[in-house]
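Just below is one structure, and these are the notes that go with it.
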Amino acid sequence: MSLGIEPPRRLENARELGASICLDESTTAGINKAQEAHVDSPFGGKAGSFATRNGITQHVFLGLSGLLPWRDSSENERPRQLFCFKEEIGMRRSIVPGRSKLVALTMGLVLSTGASTLALAQVRQVPEARQQITLSFAPVVQKTAPSVVNVYGARVERRPQNPFMDDPFFRRFFGDGGFGLPREQVQRSLGSGVIVDAGGLVVTNNHVIEGMTEVKVALADKREYEATILLRDPRTDLAVLKLKGAKDLAAIELGDSDTLQIGDLVLAIGNPFGVGQTVTQGIISALARTQVGVGDAQSFIQTDAAINPGNSGGALVDMQGRLTGINTAIFSKSGGSVGIGFAIPSAMVRVVVDSAKTGATTVRRAWFGARLQALTQEVADGLGLDRPAGSVVASVVDSGPAAEGGLKRSDVILAIDGVGVDDPESFGYRFATRPIGSTTQLTVLRGGKRITVPVKLTPAPETRPREPVKVAGRSPFTGLTVLNLSPAVAEELSIDLSTEGVVVGDIEEGSPAARVGFQKGDLILAINGERIAASREIELATRDRKRSWEVTISRGGQTVTSVFGG
C-alpha cells in the first residue's frame, strides 16, 4: 500500500489514532532490530511490532511504506526517500543525505463504519521508474504466439460448359472460356490454427478447411508448409492437419478447460481479416454455453476478447500460456466483434487430437446408447426438484451401454462423475470427453431417490456392413450416398438409433437430391410405398424412371412423406 502526503481530510464520525511519518534512507535503515513483541491494532488484530533505531523504541506498522518527496534548504527537490508509519507522537530525529533534520507529522488512521480500512488521501504523481507502471501480457504472448499459425485453403471449381462452346465458330470469337468468363474459379478460405505437436500437428476449425482441396499453413516466422488433412470432425467443428516436412516446431501446452472460472483473464490469438497475427485480451464471460448452434457436442467457453472473421481456429490461452480453447464463433449482427465470442474447450480438443495421433480418420467416442430430452420446469416441479437442471431418458437402446448399466426410461440424469449437467448438450459434452475403456458414474433420480448408475465407455459397434451406395440415374435421389444404419453410423451422424433403415451419409453439391432438400442424416424409410431396409434396395428402387416419387423419411424424430416429380 503506497501512502502519499497531503493535508489530511477531516472525516465525520471517525476515530483517530496518532501517528508519525519517519524519513529513512532505506527500508533496512528505517526498520531494524525488530523485536518479536506484537501490538494490538486499534482496528482489531495485530498492527505490527516494536522496532529500535538510534536508541528510540517505536511501534512500526508493517507493510505501510512508500516514497516521500522532500526539499533541501535551497528548495531544490531531492530524491524520494522511503518512509514507514510509526506510532509516535511529537518529534522524531531522522537521517537524510548530507544533514540531519527534524520531521514530525501527525496523521489520522480512520475506522470506517463496518470495515477496517486506513483512509488516507493520495497524491497523484508521475511514475519515475518502469517497475511502477509495467503491467503487460508480453511474456504470455512471447510464449504462445509462435504456436499460432495462419491456415489458407483453396479449391478449384469448374463452371458448366456453355452449350454454345461446342460450336467451333463460337470458340473462335469467345475463346474456350465462353463469353469472357473463365472455365475455372478458385474458392479460398482463411483462418487460424494452433500447433499442438512439435512434429507438425495443427488443430483448426473444420469450417476453415471444409471442401478445400489444397491447404497451406504459414508460421509466425513466415515459414510456409503444405498440409494434409488427417482428420475432420464436423460434430465439434475441429480438424487436424499434418505439416509436410515440419519438425521441432513450437507446440503449445494443452491446459485443463475444466478448471476455468468466470472472470479469468484470457488472450485470443489469430489472424483476423487476414491482417496478420493479432492478440486481444478479455475474460471468461461464461462457461458451458450450449445453445450456440456450432456443432452438436456443445459446451462452449464464452469470452469478450475480440474475435473476428479469420480468428477461427486460433488460440484462446490462459495467463500461464496454456491452450484453453479453440476460437470458433462469434455472435454478431454486423459480422465484427461485439464482445461475445465462443471457443471449443481444450478438453474436447484433446480428444480429437488424440484420435488423430492414433491414425484414425474419425474421432473415437464412447457410445451411450440412450436418447435424452431436456428437463422442463413442469417435470422438475413434479419430481420435487428446485430447478429444471438435468436430462430425461426418453429411450434406451437394447444391449447398449446405458441399458447394461441399468439406466431406464424416465430416469433423470443429474450429474456425470459428480459434475452437474443442466441439459442433454452439456451431458453429451461431458460424456464425449471421457476416455474410452473406463467407467463413468451417473447420478440419477429415479422414483424420488438418487442412485448411481455405472456406464462402461465403449465405442459404438458396427453391427452391419455400411455398404455405401451412390445413387445415379434421373431421380430425386441422384447425388445421394446412402449407408446401412448401425450404432457406429448413428454415432458419427448424431442421429437416433431407435429404428433400422438406410441413412443419407453424403450429398453431392448441386445434385437433384440437394435441390429437393435431402439432408445428411435423413433416414429413408420408404419409396413409393415400399419399405427400404438396405442401401442396395434404394439402388434397385430408383433404377427405373417414374412420373412421380413418394418418399417417407425420418428427420429429427419426425416422420415426413413428400411427393416429387419424375
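Each value in this text was obtained by applying a stated rule to the coordinates, not by laboratory testing. For clarity, every value in this text was computed on a predicted model and none was experimentally measured. All Cβ positions, even for glycine, are placed from backbone atoms using ideal geometry, and neighbour counts span all protein chains on display.
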Could you give the distance between the Cα centres of segment 319-373 and segment 406-425, to the whole Å? 22
Karplus couplings for segment 375-384 from phi (6.51 cos²θ - 1.76 cosθ + 1.60, θ = phi - 60°), rounded to Hz, Gly and Pro as x? 8, 8, 5, 5, 5, 4, 4, x, 8, x
What ranking, highest mean first, results for peptides 500-509, 365-374, 553-562 when packing means the other Cβ atoms within 10 Å averaged over each residue? 365-374, 500-509, 553-562
Hey, rough spin-label estimate for residue 129 and residue 142, points 7 angstrom out along Cα→Cβ, what's it come to in nanometres? 2.0
All-pairs Cα distance distribution in segment 469-565, expressed in whole percent, bin size 10 Å: 17, 56, 25, 2
Students often check this: by mean Cβ neighbours within 10 Å, which of 378-384, 232-238, 402-408 ranks highest, and how do the rest follow? 232-238, 402-408, 378-384
Burial order of peptide ranges 452-459, 144-151 (average beta-carbon count within 10 Å, highest first): 144-151, 452-459
Largest-first principal axis extents, alpha carbons of segment 409-529, Å: 58, 28, 26
